[in-house]
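A quick write-up on the structure given underneath.
The values are calculated or read from the model by the stated rules, or taken from the named source; none is laboratory data. Small disclaimer: the values here were computed from a predicted structure and weren't measured. Cβ sites come from the backbone with ideal geometry, for glycine too, and all protein chains shown count toward neighbours.
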Amino acid sequence: MARMVRKQIYLSREQNERLRRAARRLRRTEADVLREALERHLGDRRGGVSLARDPLWAIVGIAASPHGDLSDRIDEHLYGARRR
């Protein structure tokens with residue numbers, strides 16, 4: 001893990017309670033939940049959003065196919081073999 005720098009922040013009572021519940025639900029420390037929230041908000045170190053944390057990444061593979069060549073031969077699979 002990277003070297004940590006200590007920060008002190010003020011939270012509203014509601015934010016504090018939501019953070020406490022989230023940490024308990026996720027079985028993680030409040031600090032870890034805050035760090036993840038910051039990473040999501042600020043993006044990864046390269047300036048983009050981490051794929052592992054991108055909600056759209058969760059749908060990858062949702063329409064899995066038994067055909068290993070589906071992306072290469074999509075028209076054939078959708079419309080049948082070409083007629084010459």
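Summary of values
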quantity: Single unsatisfied condition, Ala52 versus (1) at pLDDT 95 or above; (2) exposed (fewer than 12 other Cβ atoms within 10 Å of the Cβ); (3) not basic (Lys, Arg); calculated: (1)
quantity: Residue among Arg18, Arg25, Arg35 that is under 15 Å from the mean Cα position of the chain (by Cα), at pLDDT 90 or above and part of a helix (DSSP H, G or I); calculated: Arg35
